[in-house]
Structure formats: C-alpha cells, structure tokens
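Reviewing the structure listed below.
The values are calculated or read from the model by the stated rules, or taken from the named source; none is laboratory data. As the structure is a computational prediction, the values presented were derived from the model and not from experiment. Counting neighbours? That spans all protein chains shown, and the Cβs are built from the backbone with ideal geometry, glycine included. Protein only, heavy atoms only, side chains kept; ligands, DNA and RNA dropped before computing areas. Shrake-Rupley method; radii C 1.70, N 1.55, O 1.52, S 1.80 Å.
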Amino acid sequence: MKVPKRLQPLVDDGLIDEVVSRLMSGKEADIFIVRCGGKIRCAKVYKDALKRSFKKAAQYQEGRKVRSGRRARAMEKRSNYGRQQQEEVWQNAEVDALSRLASAGVRVPETFGCVDGVLLMELVTDEAGEVAPRLDDVMMSEEQALEDHATMMHYVKLMLCAGLVHGDLSEFNVLVDDYGPVIIDLPQAVNAAANNNAQSMLARDINNMTRYYAEFAPQLSTTRYAEEMWALYEEGELTPETPLTGLFADDGASADVDAVLEEIKAVMQEEEEKQQRLQEAEEDD
C-alpha cells in the first residue's frame, strides 16, 4: 500500500521497510501492519489532539510528572510549545506503561521505540500468524471464562502493584492469542497514587471485564474484586503474591444520620428526665 505521510520518515530512516496494510483506526490512533527487516510488526500512529476523540483526557493526565519546569509551565499555558510537549507526554505514557507492566509480569505487546508520534511494537498473532482477535470477538466456555477472568484479575492486580491503573480497560482493549489475554492501549494509564480518579477508574476497569466474562460464567457477576483490591492497596497490603478471592465485606454500612439524631435526642431526653427526677427528690427533702 502507499506509505502514509506519518510513516514516511520511519521508512526513510530504515526503521520500516514496508507498510503492509492498515489494521484499524481507533479513537486515539491508527494502526498499521508493517515489515521491519524479517519481522512483521505494527505501527501505532497517534492522532493529533484535535482529532482524538478520547474524552476527559485531563482526568487521566492528573498526577503525571514532568521533569522540566519549562515544559510544565508551557503545558499549563497551553502555548504551541506546551501543546507539543503535552502530546509527547501522552505518547510516552504508553511506552512507559508497557515497559513497566512487562517488567511486572503483565502480558502486553513488546515495544521497539516511539519516533515522531509513531509507536513500533509487537503484532500479537495466533499460531497461524493471523492477527489475534479482540476479546469482544471471542466465544468461550464457562470454564475458559473463569480461567481467563482470573488471569485478568491477576494482571490488574500486578498493574496496581506497579502503581498503574489502565483507565480504559474493556473487551475492546484486550487481545486473545493462543496463550490467553494480552492487554493493549495504555496511553491513558493513570498513576494510582497521584490521580484522584484512580479508584473509580480501577472499579470501572474491573467491572467492565467482569461484566464481559459473566456473559459466559454468570457467577462472576457477584464478585467484588475492585473493592477487595483497592482496600488492600490502600492498606499497603497488596503484593503480586496476594491471593484474591473476589469477596469483600464492608467495614460497616454508612451511618444512618436520622437514626443517629434520634439516638442523640433519646439520650438528651433521658438526661433531662434524670435531672428532673433529681430536682423533684431534692424538693421532697
């Protein structure tokens, strides 16, 4: 196929030998199948901010640190330089997340560098060499659903232990090869400790995955992995080896304000009656 304009510099530099085909177009990037020497890989071409349809990006970027003070100030002012730096931060976030998660034991595509807004990475395939399907295109038995859901909960736990929450995890951001699930699409990954939305995003990620697998194994719909994981994480007790049960008992129901007020009134009335009785006793004496 004709080489897309954004990929031409990588072809000129010898990083890509051939653009084989367009694989897909997503909300934040276009994906192409490319040949690099004797290897077939994929090139993720990030869309410009104005063309991206990723909603509420600011929520995901909260807590991301920028080492250079000049860059940080420019990003705050939204100058042309600042917007350019913001784009680099957005793109590099995925490279950093993929690297950290691979080191943590999460199955993610291997990366081979990010140049001019193009991320070169592994093309996940099946044994026949065909592109691995997304999870939403896969049918499975109840037994397989239970097994793969447990694997995904383990991966989410490893991600959280590494300080990250995917933030957009669903059946559309998971590939399935012959060895099981592979997590993809991480430019919006959030800092679990520094982002105020991390807990709600973790819950959404887990609930999305549980909802999908529960279509094949309905018993999963009653599990509470999100609450269990976050409680352990907040207490500093979540480790890669921590066993997960999917069970969670609340420390107690939220306070019933009306009931508390009624109890206070009852105590006050009892005290008033006590004081009245004491006063009447003194008067009798």
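Counting 0.36 nm for each residue step from Ser200 to Asp17 and taking away their Cα separation leaves a gain of 61.6 nm. 3J(HN,Hα) along region 3-11, derived from phi through the Karplus expression 6.51 cos²θ - 1.76 cosθ + 1.60 where θ = phi - 60°, amounts to 6, x, 4, 5, 8, 4, x, 6, 5 Hz, with x in place of Gly and Pro. Once the Cβ-Cβ distance of Asp126 and Glu241 is raised to the sixth power relative to R0 = 45 Å, the FRET efficiency obtained is 0.90.
At a Förster radius of 30 Å, what calculated FRET efficiency corresponds to the Cβ-Cβ distance of Leu146 and Glu87, to the nearest 0.05? Working from the Cβ atoms, E equals 0.15. In a fully extended conformation the segment linking Asp116 and Asp250 would gain 43.4 nm over its present Cα-Cα distance, using 0.36 nm per residue.
With the whole protein complex present, Cys114 retains an accessible surface near 40 Å², based on a 1.4 Å probe. Taking 30 Å as R0, compute the FRET efficiency from the Cβ-Cβ separation of Ser103 and Ser221 and round it to 0.05. Efficiency, rounded to the nearest 0.05: 0.35.
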